[in-house]
1. Being β-branched (Val, Ile, Thr) and touching an Asp or Glu at 6+ places or on another chain (Cβ under 9 Å) is the filter; apply it to the stretch 173-208 and report the residue that is farthest from Thr145 (Cα to Cα).
2. Among the numbered criteria (1) more than 23 Å from Asn16 (Cα to Cα); (2) touching a His at 6+ places or on another chain (Cβ under 9 Å), which single criterion is violated by Val67?
3. Just for the stretch 2-23: of the residues that are under 24 Å from the mean Cα position of the chain (by Cα) and surrounded by fewer than 16 Cβ atoms within 10 Å (Cβ to Cβ), which one is modelled with the lowest pLDDT?
4. Please determine whether any residue of the stretch 126-133 is among the polar types (S, T, N, Q), in contact (Cβ under 8 Å) with a residue 24 or more places away in the chain, within 22 Å of Ala45 (Cβ to Cβ) and in the same structural domain as Leu218 (by TED's automatic domain parsing).
5. Which of the residues spanning the stretch 70-125 are among the hydroxyl-bearing types (Ser, Thr, Tyr), under 20 Å from the mean Cα position of the chain (by Cα) and modelled with pLDDT under 90?
6. Kindly provide the set of residues from the stretch 188-213 that are of a type outside the set (A, V, I, L, M), under 18 Å from Val19 (Cβ atoms) and touching a residue at least 40 places away in the same chain (Cβ under 8 Å), ordered by number.
7. Among the residues of the stretch 54-79, which ones are surrounded by 15 or more Cβ atoms within 10 Å (Cβ to Cβ), assigned to a loop (DSSP other than H, G, I, E, B) and touching a strand residue (DSSP E or B) at 6+ places or on another chain (Cβ under 9 Å)?
8. Any residue at all in the stretch 90-98 that's of a type in the set (Gly, Ala, Ser), touching a helix residue (DSSP H, G or I) at 6+ places or on another chain (Cβ under 7 Å), closer than 30 Å to Lys183 by Cβ and not assigned by TED's automatic domain parsing to the domain that holds Leu182?
Amino acid sequence: MPADGREHVGVPLHYNKAVQGLIYALIRPTLPHLHDEGYTSSGRAMRLFVFSRLLGKVIEVKNGCLVFRAPVAVKVASPHDSFIEALAEGLLRTPTIDLAGVKLVFSGLSVQKAAGFPSNCALFTAISPVTVYSTLFTSEGKKKTYYYHPSEPEFAQQIKVNLGRKAALLGLGPKITESIALKSVRVRSSDQKVLYFKDTVVKGWLGQYVFEGDPAMLQVALDCGIGAKNSQGFGMLELI
């Protein structure tokens with residue numbers, strides 16, 4: 001709930017950058033290098049955490065802001081216990097949280113155990129948009145970003161490759177990655193979300209997805225998120 005006692009919370013419509021900044025601020029005393037360095041796979045830096053959209057009751061959209069009825073929550077996942085512990089410690093020593101200029105009172109946290117998949121197949125719902133894209137060039141030589149729809153084969157293929165890089169960072173062998181398969185089972189036109197992160201337009205999709213593969217890879221998808229820009233608040237899954 002806001003520190004001034006109001007029952008409503010108004011945040012910018014495009015709040016991902018503010019949430020990411022809050023997470024980095026909370027973990028910085030314990031993990032000061034995560035923002036700049038991350039973890040490297042195939043020459044690419046990965047932060048190996050993901051967060052959801054803000055969770056709560058939206059009562060109106062007004063003047064470029066989402067107005068929630070308090071309380072508001074966010075889910076964060078990472079395969080590294082050190083990250084979760086640093087985030088929890090940061091929250092516990094920060095009773096008043098500044099989110100995009102809005103003062104919130106921290107009221108509590110809960111930690112979920114690993115899912116413990118009983119089989120090699122699981123149904124997930126995306127609780128932050130999944131974004132998959134390629135950088136192309138126009139006939140004039142200008143860069144253009146193309147965002148894939150879940151029905152396009154490149155969507156599943158790029159997610160598989162990306163999960164392979166995350167698995168490698170976590171010490172899992174390449175054979176375990178080869179078994180992974182993704183299928184979108186319920187994605188509607190209303191599931192497309194177009195957001196701004198800083199000054200960049202990012203397109204992503206909510207919806208439901210079936211994953212088949214080794215349970216360890218299913219856990220990677222759950223802990224790290226799928227697709228690109230996970231540490232910017234894209235691609236977080238929840239097990240159905």
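The values are calculated or read from the model by the stated rules, or taken from the named source; none is laboratory data. None of the values given here were measured: they were computed from a predicted structure. Here Cβ is always computed from backbone atoms with ideal geometry, including for glycine, and neighbour counts include all displayed protein chains.
1. So the residue we want is Ile176.
2. (1)
3. Here is the first cut: in the stretch 2-23, the ones under 24 Å from the mean Cα position of the chain (by Cα) are 9-23.
Checking which are surrounded by fewer than 16 Cβ atoms within 10 Å (Cβ to Cβ) leaves us with 13, 21.
On the way: Leu13: 92, Gly21: 95.
Of everything passing the filter in the stretch 2-23, Leu13 is modelled with the lowest pLDDT.
4. We begin by selecting, within the stretch 126-133, every residue among the polar types (S, T, N, Q); these are 128, 131.
Those left that are additionally in contact (Cβ under 8 Å) with a residue 24 or more places away in the chain: 128, 131.
This time we only want the ones that are within 22 Å of Ala45 (Cβ to Cβ), so: 128, 131.
Next cut, in the same structural domain as Leu218 (by TED's automatic domain parsing) only: 128, 131.
Checked the stretch 126-133: at least one residue is among the polar types (S, T, N, Q), in contact (Cβ under 8 Å) with a residue 24 or more places away in the chain, within 22 Å of Ala45 (Cβ to Cβ) and in the same structural domain as Leu218 (by TED's automatic domain parsing).
5. First, the residues of the stretch 70-125 that are among the hydroxyl-bearing types (Ser, Thr, Tyr): 78, 82, 94, 96, 107, 110, 119, 125.
With under 20 Å from the mean Cα position of the chain (by Cα) added as a condition, the list becomes 78, 82, 110, 125.
Scanning the stretch 70-125 gives no hits.
6. Of the stretch 188-213, the ones of a type outside the set (A, V, I, L, M) are 188-193, 196-200, 203-205, 207-209, 211-213.
Remaining after also requiring under 18 Å from Val19 (Cβ atoms): 193, 196-200, 204.
Selection gives Lys193, Tyr196, Phe197, Lys198, Gly204.
7. The initial filter retains those residues of the stretch 54-79 that are surrounded by 15 or more Cβ atoms within 10 Å (Cβ to Cβ), namely 54, 56, 65-68, 70-72, 74-79.
Subsequent filtering for residues that are assigned to a loop (DSSP other than H, G, I, E, B) retains 54, 74-75, 78-79.
Once the filter is applied, which keeps residues that are surrounded by 15 or more Cβ atoms within 10 Å (Cβ to Cβ), assigned to a loop (DSSP other than H, G, I, E, B) and touching a strand residue (DSSP E or B) at 6+ places or on another chain (Cβ under 9 Å), the stretch 54-79 yields Leu54, Val74, Lys75, Ser78.
8. We begin by selecting, within the stretch 90-98, every residue of a type in the set (Gly, Ala, Ser); these are 90.
Now drop any that are not touching a helix residue (DSSP H, G or I) at 6+ places or on another chain (Cβ under 7 Å), which leaves 90.
Filter once more, so that each one left must be closer than 30 Å to Lys183 by Cβ: none.
No; the residues of the stretch 90-98 include none that is of a type in the set (Gly, Ala, Ser), touching a helix residue (DSSP H, G or I) at 6+ places or on another chain (Cβ under 7 Å), closer than 30 Å to Lys183 by Cβ and not assigned by TED's automatic domain parsing to the domain that holds Leu182.
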